[in-house]
């Protein structure tokens, strides 16, 4: 009994000293084991399992669960309440919702038109793609995956790294870890092909993490951060449930998956240049918009962000 208590105490001590490393250790063992299950089943026994439910389970069990548990262990009930308030905070300026729901899909579509030309379908095809592709897939992706994914990556990992290393360095550290989570996408390729895919995802993930860091620093809302992520996915391949996203419906038979990655990366580069690397973080504040111990700060940040003019450094 004593040895069991000692072991538990040592585990809690390690988690409190190394919260980010503790989450990553769980994510890249338990979480990735769940994500790889359908791929391994197909490779070893020829059994075809639907991928999307396992992706959802991997995010819930491998990312959201440890983020909540470790926050409770390290920061106590008040820390967990702060994280949850940020997760469900919908109050933000209209400009932030325009960014997620209009700017991200429009930038992705604009880049696609620039590279591939206009789609062949007429107005009716566009309306159908916007409704069944963009809107439906955005809601499905947000509720099943991207919201919870960003609670862990932005609200836990990047926020804690930002508190120690600053906004830009935090994004630079988070990006390759975020990319590595998507390793199942490289499965089934040659070694060179798999490495190339992961390097590409890492390269575009860096400015994407700039963008997400800026959004959470200016709004304090992981709800909006999740919408930005979901809007990008819905613009291309979608959620994995109920059909394709926007662009595959407009460009059937054409590979458009990387377009939202490139568009979000371009937006992130604009943000880091416009904010001169501050990414919306005020030097006078200690702690991020998510981890700050000041209980009134999220309310102040939310009030500030209600103005569209909050799109400033």
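Some values worked out for this structure:
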| quantity | calculated |
| --- | --- |
| Segment 103-183: radius of gyration over Cα atoms, expressed as a fraction of 2.2 N^0.38 Å | 1.47 |
| Cβ-Cβ FRET estimate between residue 135 and residue 164, R0 fixed at 51 Å, reported to 0.05 | 0.85 |
| Computed lengthening from residue 40 to residue 84, 0.36 nm per intervening residue step minus Cα-Cα distance | 12.4 nm |
| Residue with peak Gaussian network fluctuation, the chain [Cα springs, cutoff 10 Å], from 93, 245, 62 | 93 |
| Residue with peak Gaussian network fluctuation, the chain [Cα springs, cutoff 10 Å], from 85, 16, 160 | 16 |
| Förster radius 30 Å - calculated FRET efficiency between residue 187 and residue 269 (Cβ-Cβ, nearest 0.05) | 0.55 |
| Residues of segment 228-259 with amide N under 19 Å of the 7 Å Cα→Cβ point at residue 126 | 235-236, 245-252 |
| Over the chain: helical MRE at 222 nm, DSSP H runs n ≥ 4 each giving -39500 (n - 2.57), nearest 500 | -20000 deg cm²/dmol |
| Centre separation in Å (Cα based) which lies between segment 150-198 and segment 51-90 | 17 |
| Distance (nanometres) between label positions extended 7 Å along Cα→Cβ at residue 276 and residue 91 | 3.1 |
| Label-to-label distance, nm, for residues given as residue 16 and residue 196 (7 Å Cα→Cβ offset) | 5.0 |
| Per-pair calculated FRET efficiency, R0 = 25 Å: residue 33 and residue 7 via Cβ, rounded to 0.05 | 0.65 |
| Residue with peak Gaussian network fluctuation, the chain [Cα springs, cutoff 10 Å], from 49, 262, 177 | 49 |
| Debye intensity ratio in log₁₀ form over the Cα atoms of the chain, taken at each q of 0.12, 0.13, 0.15 Å⁻¹ | -0.81, -0.95, -1.24 |
| Calculated on alpha-carbon atoms, Rg and Dmax of segment 40-168 in Å | 19.2, 56 |
| Mean separation of Cα contacts under 8 Å (6+ apart) over length of the chain, as relative contact order % | 25 |
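No value in this document is a laboratory result; all are computed from the given coordinates. In this text, all values refer to a predicted model and were calculated from it rather than measured experimentally. Quick reminder, even Gly has a Cβ in these numbers, built from the backbone with ideal geometry, and neighbours come from all protein chains shown.
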